[in-house]
Amino acid sequence: MPGREERETWDKSRRQLAGLPVIRQSVAGIDLGSEQHWVCAATLDRSGREVARFGATTVELLRMAEWLKARQVESVAMESTGVYWIAPHEVLEAQGLQVLLVDTRQLAQVPGRDKKSDPTDCEWIQRLHSCGLLRGSFRPEEAVCMLRTLVRDKANLVAESGDWLRRMQKSLDQMNVRVHRAVSEIDGATGMAILRAIAGGERDAQKLAKFRDARCSKSEQEIAEQLSGHWREDHLFSLQQALQMYDAVRERIAAYEKEILRKLGDMERAKPPQPSAPPLHNANKARMIKQRGQEAKRQALYRMSGVDMTHIDAIGVETVEVVLSEYGCDLSRFPTENEFVSHATLAPRVPKSGGKPVKKKKRNSASTRVAGALRMAALSLRHSQTALGAYYRRMAQRRGADIAVFATARKLATLIYRLLRWGQPYVDEGAAAYENRYRQHRIGRLAATVKELGYQLIPLPA
């Protein structure tokens, strides 16, 4: 690790790259590494550039910030290299510097680069930044990034709880205790009550069936028929341990939920349009949100963003949480809805080479979290008697279920953009109105085609 006095300052009269006009001089470029960072900035008299080396510790990062501010640097560009960029980005941003996080593919597309090395890399980044050739990746404000960390960690815990739930079901299957046949969900009220009773030592199927919730569709006798097993010792022990792990994970999830609500409270708008979110028009949706205990979070998300995205069909509280934690409330970085949809990886694309389609490469972007949430929301519209539901079914009939999910998720993304960016409310016209509009559009296309062929389209008498 380089010490305080080990910084290397290169000759101020280093060779300049010719042919690129300089637009901004008060910028710097950083080449990041695991143990050291190379920084290039203009000299104080702006006659040349100098390169310095700093360590990766927090003390060295603060010294880097002072070095940059001493040279009156306003903006810093760095590559998004692994996780090495996170600490320098946060430290420099906290010191009041504008930080541009650049995709490495942008740098590779600009010709004229010299032989690759750490000092020349930071010079190349600084040069391109000074010429205005770099475009920063989207990164929301600090408060949204902190919320995003909490939401992502909670999502990992939710996935982990699902894994322990599957292990409990495996132990039950091995003992031929068919809880998943007795109830629709083993993590529901009846299912968990039966699991806890089994883990506590109860083996009588009739007594286990008495834990039936009044809302269950099956009778106690029908449930009891599925709950007789051979109760092998090793499977019972595995079930008990999995249940304890599941409870521990759920406890941590509850802690994250509490912290997310606190963070949303800190991010509330000074003057929201209304003190609370307006009631939902969909009574079933409102009832499900209250049953899941998500009404408080719905209100907090409304006070943070100023709009209620749950009014959009298929968009639930968890989907709103993912969208706002990934993008925040300000979508001005995306001038058009097409750019937002593209960043969310929901824009249809057909890569071609020589006029022929080529195999698509798998996208790897953090924004796919939003795309995944919107796909799940789109999937819930299969039987919805709304315009979005009719659109999903029409696309599934024409192009297949996979494309219908993708296309409907894209439509949901455009509705979210319009609501967040322009405040345009969502109004459901209903499935019947959508089908009638689609029918009229289809008749218009048929009439145009028939007219081109020299015929006339005449409707049959009713």
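The set of residues in region 227-246 that are within 18 Å of Arg166 (Cα to Cα), in contact with a helix residue (DSSP H, G or I) (Cβ under 8 Å, 6 or more places away or on another chain) and either open to solvent by 40 Å² or more (accessible area, probe 1.4 Å) or part of a helix (DSSP H, G or I) (or both) comprises His235, Leu236, Ser238, Leu239, Gln240, Ala242, Leu243, Met245, Tyr246. Checked against (1) assigned to a helix (DSSP H, G or I); (2) open to solvent by 80 Å² or more (accessible area, probe 1.4 Å); (3) touching a residue at least 24 places away in the same chain (Cβ under 8 Å), Lys451 meets all criteria but (3). Say we look at region 262-271 and pick out the residues that are touching a helix residue (DSSP H, G or I) at 6+ places or on another chain (Cβ under 6 Å) and closer than 18 Å to Asp153 by Cβ; which of these is least open to solvent (accessible area, probe 1.4 Å)? Residue satisfying both the conditions and the ranking: Leu264.
For Arg269, the conditions (1) over 24 Å from the mean Cα position of the chain (by Cα); (2) modelled with pLDDT under 90 all hold with the exception of (1). Residues in region 175-199 that are over 35 Å from the mean Cα position of the chain (by Cα) and crowded, with 23+ Cβ neighbours inside 10 Å: Val177, Ala182, Ile194, Ile198. For Ser171, state whether it is within 23 Å of Glu233 (Cβ to Cβ), of a type in the set (Gly, Ala, Ser) and buried (at least 17 other Cβ atoms within 10 Å of the Cβ). Yes, satisfied.
Is there a residue in region 335-346 that is free of Cβ contacts under 8 Å to residues at least 40 places away in the same chain and small (Gly, Ala, Ser)? Yes, the conditions are met somewhere in region 335-346. Report yes if Arg166 is at pLDDT 90 or above, within 27 Å of the chain's Cα centre (by Cα) and surrounded by fewer than 15 Cβ atoms within 10 Å (Cβ to Cβ), otherwise no. Yes; evaluated as a whole, the condition is true for this residue. Thr414 falls short of the stated requirement of being surrounded by fewer than 22 Cβ atoms within 10 Å (Cβ to Cβ), over 18 Å from the mean Cα position of the chain (by Cα) and among the β-branched types (Val, Ile, Thr). The set of residues in region 48-70 that are surrounded by fewer than 17 Cβ atoms within 10 Å (Cβ to Cβ) and either modelled with pLDDT of 90 or more or hydroxyl-bearing (Ser, Thr, Tyr) (or both) comprises Thr57, Thr58, Val59, Leu62, Arg63, Glu66, Lys69, Ala70. Does Asp204 fit the bill of being open to solvent by 40 Å² or more (accessible area, probe 1.4 Å), over 30 Å from Asp330 (Cα atoms), among the acidic types (Asp, Glu) and modelled with pLDDT under 90? It is false that Asp204 is open to solvent by 40 Å² or more (accessible area, probe 1.4 Å), over 30 Å from Asp330 (Cα atoms), among the acidic types (Asp, Glu) and modelled with pLDDT under 90. No other residue among Arg139, Arg127 is part of a loop (DSSP other than H, G, I, E, B) and basic (Lys, Arg) apart from Arg139. Exactly one residue out of Ala432, Ala404 is in a helix (DSSP H, G or I), aliphatic (A, V, I, L, M) and touching a Lys or Arg at 6+ places or on another chain (Cβ under 9 Å): that is Ala404.
Summed over region 30-85, residues that are outside any loop (DSSP other than H, G, I, E, B), over 16 Å from Gln126 (Cα atoms) and of a type in the set (Asp, Glu) total 2.
Looking at Leu134, Leu157, just one residue is closer than 22 Å to Ile86 by Cβ and buried (at least 20 other Cβ atoms within 10 Å of the Cβ), and that residue is Leu134. Out of everything in region 434-445 that is surrounded by 11 or more Cβ atoms within 10 Å (Cβ to Cβ) and not aromatic (Phe, Trp, Tyr), what residue ends up being nearest to Gln385 (Cα to Cα)? That would be Glu435.
The values are calculated or read from the model by the stated rules, or taken from the named source; none is laboratory data. Quantities reported herein were computed from a predicted structural model and do not represent experimental measurements. Note that each Cβ is placed from the backbone with ideal geometry, even for glycine, and that neighbours are counted across all protein chains shown. Keep in mind that these areas ignore ligands, DNA and RNA; they rest on the heavy atoms of the full protein, side chains included. Shrake-Rupley method; radii C 1.70, N 1.55, O 1.52, S 1.80 Å.
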